[in-house]
Structures are given as structure tokens and as C-alpha cells.
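The next block holds one structure in the form of C-alpha cells; read it before the comments.
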Amino acid sequence: MRLVERPYAETDRRALIAAGLHPVLARVYAARRIHSAAELDDDFKRLLPPASLAHCEDAAVLLADAIAAGKKLLIVADYDADGATACAVGVRALRRMGAQVDYLVPNRFELGYGLTPELVDIAAARKPDLLITVDNGIASVEGVDRARALGIATLITDHHLPASELPRAECIVNPNQPGCGFASKSIAGVGVMFYVMLALRAELRKRGAFKEVAEPNLAALTGLVALGTVADVVPLDANNRILVSQGLKRLRAGKAQPGLEALFRAGGRDAARASGFDLGFVLGPRLNAAGRLADMSLGIECLVTDDEARAANCAQELDRLNRERRRIEGEMLEQARAAADAVADQPGAAATFFDPDWHQGVVGILASRLRERLHRPVICFAKAKDGELRGSGRSIPGFHLRDCLDLVSKRAPELIVRFGGHAQAAGLTLRAADLERFTEAFAGAAAQTMPAEALTRTVETDGELEPQQRSLSLAQLLEERIWGQGFPQPLFCDTFALESQRVVGEKHLKLKLMQDGRRLEAMRFNSLDPLPAKFRAAYRLSVNEFNGLQSLQINLEHVETP
């Protein structure tokens with residue numbers, strides 16, 4: 001593993017300092033291709049306009065007509081945090097705008113992903129006039145045809161990459177569909193639904209719907225948008241950063257929905273100090289636990305209820321499910337480590353793992369852990385119903401996982417039952433008998449399409465810090481800012497001398513480091529590998545709080561190996 005410093009333009013760094021930014025922050029932003037302080041403006045008015053999202057205004061007309069006609073709307077959600085928050089945004093906004101709306105979410109173990117014909121048949125029992133998909137639907141050709149045959153209209157809101165054939169829905173809103181010029185291709189499913197709601201409010205305003213009733217304040221939903229955006233690990237481009245920043249501001253101001261407040265309490269975090277870390281690593285996993293182990297209806301109920309007691313009960317149950325998820329994950333990881341270590345030194349651009357006892361809902365997390373361990377794309381499979389295997393894959397920077405699966409599918413059209421996803425994450429279904437053939441085909445396609453440089457494990461850092469810069473105040477400043485996928489949290493790099501190290505919590509190292517005559521408190525989480533007397537490492541500045549007092553803590557992330 002090599003530590004390398006992110007390059008930046010000196011002119012950008014100077015411009016940001018001249019605009020009043022802290023020198024370290026100016027360097028960090030310059031390395032993320034920020035050229036001026038204006039690009040950091042998170043004012044709501046700087047959001048891309050809904051009109052630039054193809055068919056967003058058409059969706060607004062479709063929904064406004066449905067509301068005016070008193071039609072029944074049914075949101076078909078997905079079973080992850082993005083789908084749950086998108087559903088909650090839709091339910092809350094549509095009800096405030098006078099719609100009759102309910103929601104339905106598939107059980108991942110029984111119905112799989114998306115608007116399947118089987119799910120349409122279940123939805124039809126509720127007699128909806130319009131199905132609205134959130135965070136799914138772009139691949140649901142058969143499901144939309146089934147709805148059409150039953151006389152049910154469909155509005156698709158999604159952000160996943162489409163296949164060659166699009167569903168015959170009444171309207172499709174997806175920035176990644178052909179012909180859409182929306183600049184934020186990385187917007188999450190919850191962001192797409194939020195945009196449709198913005199367009200609907202504008203359409204209803206044009207129709208005079210708010211002459212006697214107050215307009216809904218859709219900004220009140222940005223906490224949900226922020227959670228879904230961060231939890232779905234989409235790149236934080238400028239538009240996504242505005243959405244996340246606006247949401248965090250509302251959370252910190254005590255304006256969160258009861259369910260979000262309850263999730264903060266269940267995770268032992270303070271909403272008044274909400275950060276991207278809280279959304280991605282505290283709230284997101286608890287919400288996802290429902291979809292992984294049980295039914296995401298519990299997570300959605302937590303987000304849509306205004307009853308604080310009900311929200312608290314839902315959050316506590318989600319917290320319990322998350323603890324169970326972590327236990328299952330730990331057991332699966334122990335089983336997988338031996339297999340991973342066996343292939344670690346073997347040539348190959350990708351790896352596939354399967355165990356008949358693995359849990360379907362946790363194979364995605366397992367794939368992520370093994371990807372980190374092996375530094376190669378990994379797909380983990382678990383048993384599904386009817387002799388099928390359900391797989392979840394995670395990739396490495398520079399390798400497009402979904403495109404690789406598409407190549408496999410084109411070369412062997414009957415091999416993959418279904419698949420979908422993004423560059424860095426994908427899901428698929430196989431017949432159990434085809435696992436060995438798929439493993440060979442996937443490895444071959446990966447070997448042909450993998451850029452050579454992608455297999456070299458490098459860690460980008462933001463360079464060294466002067467001793468006086470390594471401070472609590474800088475850690476607090478960095479904690480307040482927006483970081484995430486594609487806009488990474490600052491990671492610095494320095495050489496340290498080791499004064500002492502001891503194990504805490506059975507799997508972490510508590511360290512005392514020395515540099516330039518200064519002693520530093522540090523932690524190395526989830527690693528018991530002893531450190532040498534002197535080493536070079538990448539680290540983050542963090543705020544440690546104990547008994548109401550805050551102090552600086554160095555969190556070692558990577559130690560450079562020769």
C-alpha cells in the first residue's frame with residue numbers, strides 16, 4: 001500500500017485563502033477541484049432547477065391531475081435507506097398536497113428487487129390508480145406491463161442506470177435515462193423524488209391550489225433527503241452537497257421529523273451536532289437493518305409517523321435489528337476470511353464467494369469487507385428461493401462493476417437471471433447450478449476490463465500538517481463540513497514515533513504518539529496489528545468527547561507498508 005498526496009492547483013488554494021478560508025481547509029478544497037468560495041455556497045437557491053430534470057414537470061402534471069381527480073396513489077419503495085427515505089419524502093409531501101397516498105415495500109427475501117409482476121399483483125389488491133416507484137423501476141419492464149394490463153398507471157422515479165429497454169410507464173423521471181440533460185447524474189433516489197415533489201408544488205401553485213391552504217414547506221424534508229443521499233453512498237457533487245448541507249442544518253436546528261430524532265437517540269448521538277458521519281454510519285445502518293433482516297416497512301413507518309412514542313418504538317426495534325445484523329455479519333466474516341486469505345496471493349482481477357449458510361440481507365456488507373481486504377472487486381452469494389442464488393458485489397476505484405456484469409450477460413445471455421446497480425455496487429441473481437460458470441465468466445471479464453493501475457492499492461491523502469495545525473479547533477471545523485463519496489473527508493499523512501500501544505474493546509488499539517516533541521492521543525480501530533517504533537500513516541482529526549469535555553484525537557486509518 002502506498003500513500004500519495006492529492007494534487008491541487010496553487011492558484012485555487014490561494015483564492016480560497018483570500019476568500020477567508022482556513023489555510024488547511026483551503027488546501028483540502030483545492031484538492032477536490034474547488035476553484036472559488038462561491039462553489040461552496042449551499043444556499044437552497046443554487047439547486048439545479050426541476051425543469052432541467054427530464055419529465056419532472058410531466059410527472060408533476062400527472063400527479064396534480066391524479067390529486068384533482070381524487071385518485072389513489074401507491075408508492076412502491078425499495079428496501080434500503082435511499083428507498084425508505086424517498087418513500088417517506090413522497091408520503092409526507094403528497095399528503096400535505098392533498099393526495100390519497102399509501103406505500104408498499106417488497107420483502108427482499110420473497111419478492112426480490114423492484115416492481116416485479118408478483119409485486120404488482122399484491123399492489124393491485126389495494127386498488128390503486130397510480131403506482132409511483134421510488135429508487136427502483138427503471139428495469140421493471142415486465143412489472144410495468146403487468147400494471148398496464150391491470151389498468152394501473154405507473155410513474156417511475158429512479159436513479160439507477162437503465163438497460164437497453166425502458167418500461168412502458170406513463171412517465172419516467174431518471175437523470176440517467178437517455179436524453180436527460182440533468183447535470184447531477186449522481187443524485188440519489190430520494191433526491192429524484194424530492195425534485196418531483198418540488199415540481200408538483202410548483203404545478204399546484206400554478207393551478208391555484210394554495211389560495212386557501214398554506215403551501216407545504218418542502219425544505220422541512222431535507223433531513224430525510226440528506227440521510228438517503230449519504231446512506232446510498234452516491235458521489236457528493238455540488239447539487240448533492242447542497243441537499244445534504246440543507247438537511248444537516250435542519251437537523252442541527254432541532255427541526256427533524258420524530259423518527260430521525262429517535263434514530264439519533266437510539267444511536268447515542270446528538271442531533272444538534274449532526275454530521276455526515278452520523279447519517280452514513282449511525283442512522284443509515286439502523287434504517288438499512290430493517291430491509292436486511294426483516295421488512296423495511298418498519299423503517300418507513302419510523303420516518304413517516306408524527307407520533308413521537310411510535311417513532312421511539314420503531315427506532316428501538318431498528319437498533320435491535322442493527323445489533324443482530326452486526327452479529328450475523330461478524331460470524332459471516334469469520335467464515336469468509338479463510339477463503340479470502342486463500343486467494344489473497346493468487347492472481348486474479350476479481351473474486352466470488354458463496355456459503356450456503358450466509359444471510360441474504362448481509363452479503364452486501366460482507367462483499368464490502370472482503371473488497372477492502374483483497375483490494376479487488378468481490379461478489380458474495382447467498383441462497384435464495386427456488387434454487388437461485390442472490391449476489392451482492394462491491395468494486396474498487398477505477399472498475400465499473402455493473403458494466404462488467406453487463407459484459408458477462410452479453411457474452412452468456414442466459415447466465416445471469418437479472419442484475420443491476422452502479423459502478424461501485426451491484427446486485428444479481430443466478431441459478432445455483434451456474435455459480436461455477438459465472439465465477440469463471442466474471443473473472444475473465446474483469447481481467448479484460450480492469451485497468452492495470454486499479455489493482456495497485458493507493459491511498460490519497462491531503463498531505464502533512466504543521467504541528468500547530470493539528471488542533472481541536474481544526475478538527476471541529478472539519479467536522480462541521482460536508483464530506484462523503486467523491487468528496488472525501490480530509491485524510492492527512494505524517495510520520496510518528498510510537499510511545500505506547502494497548503488493546504481496548506478487544507479489537508482496537510489505543511496509542512500514544514510523539515511528533516516534534518508533542519504527545520498525541522490516537523486510536524486505530526478494528527486492528528490489533530502492533531505498530532513499529534516509527535511509522536508513516538494516514539489519519540483523520542477527530543473530536544473525542546468524554547464527560548462533556550472535548551479533546552483532539554488522531555484516528556489512524558492506514559499505515560504505509562514498505
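What the table shows:
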quantity: Options Leu63, Leu74, Leu47, Leu130: the member that is modelled with pLDDT of 95 or more and within 18 Å of Leu221 (Cα to Cα); calculated: Leu47
quantity: Identity of the residue in segment 347-398, assigned to a loop (DSSP other than H, G, I, E, B) and free of Cβ contacts under 8 Å to residues at least 12 places away in the same chain, that ends up farthest from Leu430 (Cα to Cα); calculated: Pro347
quantity: Segment 430-462, residues that are buried (at least 18 other Cβ atoms within 10 Å of the Cβ) and not in a helix (DSSP H, G or I); calculated: Leu430, Met450, Thr461, Asp462
quantity: Condition broken by Ile132, with the remaining ones in (1) closer than 25 Å to Ala64 by Cα; (2) among the β-branched types (Val, Ile, Thr); (3) touching a helix residue (DSSP H, G or I) at 6+ places or on another chain (Cβ under 6 Å) satisfied; calculated: (3)
quantity: Of the criteria (1) of a type outside the set (Gly, Ala, Ser); (2) buried (at least 23 other Cβ atoms within 10 Å of the Cβ); (3) over 18 Å from Gly223 (Cβ atoms), which one Val89 fails; calculated: (3)
quantity: Count of residues meeting criterion [farther than 28 Å from Ala426 by Cβ and in contact (Cβ under 8 Å) with a residue 40 or more places away in the chain] in segment 311-346; calculated: 6
quantity: So Gln316, is it farther than 30 Å from Arg457 by Cβ and either out of contact with any helix residue (DSSP H, G or I) (no Cβ under 8 Å at 6 or more places or on another chain) or not aromatic (Phe, Trp, Tyr) (or both); calculated: yes
quantity: Flag for Asp158 being buried (at least 24 other Cβ atoms within 10 Å of the Cβ), within 22 Å of Lys71 (Cβ to Cβ) and of a type in the set (D, E, K, R); calculated: yes
quantity: Residues that are of a type in the set (Asp, Glu) and in contact (Cβ under 8 Å) with a residue 40 or more places away in the chain, drawn from segment 508-561; calculated: Asp516, Glu557, Glu560
quantity: Elements of type helices (runs of 4 or more DSSP H) contained in segment 1-77, each with 2 or more residues being of a type in the set (Lys, Arg); calculated: 10-18
quantity: Selection status of Ala475, at pLDDT 95 or above, assigned by TED's automatic domain parsing to the domain that holds Ser368 and in contact with a strand residue (DSSP E or B) (Cβ under 7 Å, 6 or more places away or on another chain); calculated: no
quantity: Selection count, segment 251-263, where residues are buried (at least 22 other Cβ atoms within 10 Å of the Cβ) and part of a helix (DSSP H, G or I); calculated: 5
quantity: Qualifying residue in segment 349-361 (condition: closer than 30 Å to Gly90 by Cα and crowded, with 22+ Cβ neighbours inside 10 Å); calculated: yes
quantity: Flag for Glu308 being at pLDDT 95 or above and touching a Pro at 6+ places or on another chain (Cβ under 8 Å); calculated: yes
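The values are calculated or read from the model by the stated rules, or taken from the named source; none is laboratory data. This structure is a prediction, so every number in the text was calculated from the model and none was measured. Ideal geometry is used to build each Cβ from the backbone, glycine not excepted, and the neighbour counts take in all protein chains shown.
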